Amino acid sequence: LLAYQIAFDLVEGGTQDYIEAVRTGLPEPAEGPEQEAYAKLHKILSGEETIRLYFDFLNRNNHTDMLILKSSKDALDGRSSIYHTALTLQNAFTHCGTGSDAFLRTNLDWLARASNWGKFSVTASLGVINKGNIWNAMRLLGPYLPNAAGDGSGGVYSEGGALYALGLINAGRGKDVLGYLRDRLKEAGSEVVQHGAALGLGVAGMAGGNADAYEDIRTTLFQDSAVAGEASGYAMGLLMLGSGSEKCVDEMLQYARETQHEKIIRGLAMGVAFIYYGRQEEADNVAEHLLADKDSILRYGGVYTLALAYAGTADNAAVKKLLHIAVSDTSDDVRRAAVTCLAFLLFKNPGQVPRLVQLLSESYNPHVRCGATLALGLSCAGTGSSEAIALLEPMAKDPVDFVRQGALIALAMILVQQTEASSPSVAPTRSMFAKIISDKHEDPMARFGAAIAQGLIDAGGRNVTISLQSRAGSKNMGAIVGMALFCQFWYWYPLAHCASLAFEPTGIIGLSESLETPAFDFVSNAKPSLFAYPSATKPPTKETVQKVETAVLSTTAKAKAREKEKEKAKAAEAGELMETDEKKPEAKPKEEDTSMKVDEADSGVKAGEEGAPSTSKPKKQREPSSEKLSNLSRVTPAQLSYIVFPPESRFQPIRPVVVSPQTTGKSQKKGGVQRSAGGGGILMLLDKTPGEPIEWIEPASGVLRNIPVIQADAGVTVAEADPPPPFEYPFGQEGK
């Protein structure tokens, strides 16, 4: 059991090449119980079990509020490219990993309005929605993927987006689809398809160091296409993530100085930063050269190189360097990046960041203020830090639109999985998001930020948090790289999909020795409202239209009075009495309702005494101080410290539920939210009565069990789940 637990923890925190080295290094006993145990270890280290369990968890516990998405769709004009992309991202984040495309199916008219890169992005969003569904990836994306000849019927934007989606589904665990993506990259005749294939290769093969894939992307780069070349730069860095390869860096920087395309330079600059991820002192020389370059884009890459090389270390020299750049560089982009990158250095010490960026958040330069918003959001994500929120709330009303955009996104990151009981800022912040989206006079960039914010605060069906560190407290490489790519949405919106790499499912998934999920309960020693799901949004009520009394002008009243006086005078002359005022019946005195009165004199009982009728409202029931939760339930990071497995319970975890809790600053010590550095997740269980029968939990509908990964071009028939009802998105074929 302990070996299985270590293997699951390794999969969550290790890179592809490291885990593969561990897996291939395991002995292979010929027979007996050891053979079965090592077979299960191989299965766990392949990553498939972790992916299956989390996909099942998110599918089973999906609590998406569809009315929020509907309200956003009604408010944002789908004919506008920026608003269409905003809603695409909101829906993708909200349904990330759940496999639910209900919103897309019920809004085909909105979906049909996507064109060009909007079509690319909405097809790529299928990869975010189905993240982890590696068994069905090829079948789900089949209608949009290019065929072997590279001339699929979906149009180049749908094909490119589908290849990118395939990479997102297999993010960090994509060795089985690399061959397919390489073939499509080499056969592609369009730079849009090359763009999608390169991004898909980079995300799926992250840190895999696949030399063949690197060569294919390098060939695409040398074609000097701005669109394909930008994606190639990112992908080269992702494939060689953390390798520190000087050969790769030298040729990438050489080409960056030769090309005339800014998009390619930016992609290569970020690629170099990825290659030096976690290398610390090894990156100093390259970072120094990049920061001294006259090209501001290369200096921008130098900032990220320094930040990713020292990610999570809080290195004092690196922090000082970034602060100096933030106030001295001549480029606004570089200054904004320098402030943002403070988060990558200090995310393990989130309480320090609000104090560090307080003055920067008040800078005269809006780009510095914008960088401060993302620094607060990334470093304090999921903590509910009151200090960070106090800085961001005024910035959400900043006169500059992109500062407001950053503040809204940051607030969502900080308040993800917080409740009104744990943070008083949740309700007003959610209301602010809805108000900004519905306000047609608001700046488009702010409305775009509010839509993304709504997706982030409800991400993964409200069952994931955003964290740059793993459950064990170490650096979460995928999350750090994903958020570094997300920050590039400033230049290229489709890169925002990579935020899904930082979404961490929050639940307790207990497994038996057979790697199946038994039914059992555990206790949360906290009031249910403290960690409950947000209540569903109520639909707007139809207001009855009341008739308004017609206004009468004073001059009209005077004229009517004069007319009446004349009529009275005429009637008096004729001897007739003409009464113009109707007699009103006298009001009867209001009868007192004596039916409910108690005659104290007769009964002898005074009000308030025992035996007198009660006039007080019934008291509300007291909320229980604890609740029972079942296996595969959502448990937020702040809730972990309240989780208890009763001693009499049949199943007990092999390791503690909570490991090394961290606070988010002084404000959190006063009963605030606590962030745990580790715990929860997949737990191996010790069965105290192994001979008795066990009730098992069946996988949620649409989740496959013990099914091998479908090889894209192996030509082998494998078992699949029952297909969903026939359905084609409106842009399934060009011209429709």
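If you roll a 1.4 angstrom probe over the protein chains with everything in place, what fraction of the accessible area of the range 1-46 belongs to carbon and sulfur, to the nearest %?
Working: 1480 of 2580 Å².
Carbon plus sulfur share of accessible area: 58 percent.
Could you work out the relative contact order of the range 78-193? I mean the mean sequence separation of Cα pairs under 8 Å and 6+ apart, divided by the number of residues, in percent.
With pairs under 8 Å counted, the relative contact order is 26 percent.
What FRET efficiency comes out for the pair residue 698/residue 28, r = Cβ-Cβ distance, R0 = 56 Å, nearest 0.05?
Efficiency for this residue pair is about 0.95.
Beta carbons within 10 angstrom, averaged per residue: use that to sort the peptides 456-462, 116-122, 1-7, highest first.
By packing density, highest mean first, the sequence is 456-462, 116-122, 1-7.
Quick one: net charge around residue 107, please, counting Lys, Arg +1 and Asp, Glu -1 for every other residue with C-beta under 13 Å from its C-beta.
Local net charge: +1.
Could you give the length gained on full extension between residue 250 and residue 620, defined as 0.36 nm per residue of separation minus the Cα-Cα distance, in nm?
Difference between extended and current length: 126.2 nm.
For residue 81 paired with residue 219, estimate the spin-label separation in nm (one decimal), with each label point 7 Å from Cα along the Cα-to-Cβ line.
3.1 nm
For residue 648 paired with residue 70, estimate the spin-label separation in nm (one decimal), with each label point 7 Å from Cα along the Cα-to-Cβ line.
Result: 4.6 nm between the two label points.
If packing is taken as the average count of other Cβ atoms within 10 Å, what order do 640-648, 129-137, 196-204, 685-693 fall into, highest mean first?
The densest-packed peptide leads the list: 196-204, 129-137, 640-648, 685-693.
Report the net charge of residues surrounding residue 436, where surrounding means a beta-carbon distance below 12 angstrom and charges are Lys +1, Arg +1, Asp -1, Glu -1.
Residues close to residue 436 contribute a combined charge of +2.
Please give the solvent-accessible surface of residue 83 in Å², to the nearest 10, using a probe radius of 1.4 Å with every protein chain present.
Taking all protein chains as shown, residue 83 has close to 30 Å².
In nanometres, what is the gap between the two model label sites at residue 282 and residue 686, each 7 Å from Cα along Cα-to-Cβ?
Distance between the two pseudo-spin positions: 4.0 nm.
Would you please give the residues with an amide H less than 5 Å from that of residue 686, counting only those at least 5 places away or on a separate chain, with H modeled from the backbone geometry?
Amide H neighbours of residue 686: 652, 654.
Order these peptides, 363-374, 389-400, by their mean beta-carbon neighbour count within 10 angstrom, highest first.
363-374, 389-400
Which entries of 435/628; 294/320; 435/475 show an alpha-carbon separation above 31 angstrom in the structure shown?
Result: 435/628; 435/475 exceed 31 Å.
Please report the relative contact order for the range 1-46, taking Cα pairs under 8 Å with a sequence separation of at least 6, and give it as a percent rounded to a whole number. Intermediate values should be presented prior to the final figure.
Values: 28 pairs, mean separation 24.8, N = 46.
It comes to 54 percent, rounded to a whole number.
By its C-alpha gyration tensor, with a ≥ b ≥ c as the square roots of the eigenvalues, how is the range 268-349 shaped: rounded for a/c under 1.5, else prolate for a/b larger than b/c, else oblate?
Judged from the Cα gyration tensor, the range 268-349 comes out oblate (a/c at least 1.5, b/c at or above a/b).
Quick one: grab the alpha carbon gyration tensor of the range 1-46, order the square roots of its eigenvalues as a ≥ b ≥ c, and give me rounded if a/c is under 1.5, else prolate or oblate depending on whether a/b is larger than b/c.
Oblate, because a/c is 1.5 or more while a/b does not exceed b/c.
Taking a virtual spin label 7 Å from the Cα of residue 289 along the C-beta vector, which residues in the range 238-255 bring their backbone nitrogen under 20 Å of it?
238, 240-255
The values are calculated or read from the model by the stated rules, or taken from the named source; none is laboratory data. The shown structure was predicted, so the numbers you read here are calculated from the model rather than taken from an experiment. Note that we place each Cβ from the backbone using ideal geometry, even for glycine, and neighbour counts take in every protein chain shown. Just so you know, the surface numbers come from the protein's heavy atoms only, side chains and all, with ligands and any DNA or RNA stripped out. Shrake-Rupley method; radii C 1.70, N 1.55, O 1.52, S 1.80 Å.
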